[in-house]
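The values are calculated or read from the model by the stated rules, or taken from the named source; none is laboratory data. Everything numeric in this text was worked out from a predicted model, so none of it was measured. Because the Cβ atoms are built from the backbone with ideal geometry, glycine has one as well, and the counts that use them run over all protein chains shown. Surface areas here come from the heavy atoms of the whole protein model, side chains and all, with no ligands, DNA or RNA. Shrake-Rupley method; radii C 1.70, N 1.55, O 1.52, S 1.80 Å.
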Amino acid sequence: MKIFLTLFLVLSSSIIFAQSELKINNKKCIPKLGYYLRLQSVFDDSRCPEGVTCIWAGEVSATVEVYKDKKLVEEKTVTFNSKNKEENFKWFATYFPKKIKSIGVAPYPKEGQIVKPKKQYIQIVFMD
């Protein structure tokens, strides 16, 4: 059983971390083993929509749930703006061993379009 568990963890981590990009969405399925981040909600989106000229770039906040072995261990509100970029990098880095290149909420707003909450996700891009 230990061999199977070790093999499972090695294979699943290599599949997850072979990607150079990760999307954290509001998917309900929580795996039984290891850490899992889930997007609970996105709110206070004041980012300047594409196609509009703004004085301020804006920011967006999201609530992220952290599970370990199917148990909720932390719920954190993360605000994405230019001021706390390093703080966000540090927090997300506690759950991912690869060096993070960028983090943001997608899709980016466009003028005249409303993004449905189910379509929103946190996008993490890792350095190769």
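Computed over neighbours whose Cβ is under 14 Å from that of SER41, the net charge equals +3, Lys and Arg +1, Asp and Glu -1.
When LEU22, LEU33 are compared by accessible area at a 1.4 angstrom probe, the order from most to least is LEU33, LEU22. Can you work out the PRE-style zone for LYS99? Point 7 Å along Cα to Cβ, and I want the residues of the stretch 19-44 with backbone N under 16 Å. In the stretch 19-44, the label zone of LYS99 (backbone N under 16 Å from the point 7 Å along Cα→Cβ) covers 20-21. Nonpolar atom fraction for the chain, defined as the carbon and sulfur part of the 1.4 Å probe accessible area, stands at 58 percent. Pairs from the table (LYS32/LYS85; LYS70/LYS118; LYS76/LYS116; LYS70/LYS116; LYS28/LYS119) lying more than 24 angstrom apart at Cα are LYS32/LYS85; LYS70/LYS116.
Mind pulling the angle between the C-alpha long axis of helix 2-17 and the longest principal axis of the chain? Nearest 10 degrees, somewhere in 0 to 90. In the chain, helix 2-17 runs at an angle near 20 degrees to the longest axis. Of all the options ILE30, ILE100, ILE114, the one that moves most in a Gaussian network model of the chain with Cα springs shorter than 10 angstrom is ILE114. In this simple spin-label model, placing a label point 7 Å from the Cα along the Cα-to-Cβ direction at both GLU59 and LYS32 gives a separation of 4.1 nm. A 1.4 Å probe run over the protein chains yields, for the chain, 70 Å² of accessible area per residue, whole-number rounding. Which residues among the stretch 53-67 fall inside the zone where the amide N is under 15 Å from a point 7 Å beyond the Cα of ASN25, along Cα→Cβ? Of the residues in the stretch 53-67, none has backbone N under 15 Å from the label point off ASN25. Accessible area ranking (1.4 Å probe, heavy atoms, ligands and nucleic acids excluded), largest first, for VAL60, VAL42: VAL42, VAL60. A convex hull fitted around the alpha carbon atoms of the stretch 51-128 yields 125 Å³ per residue.
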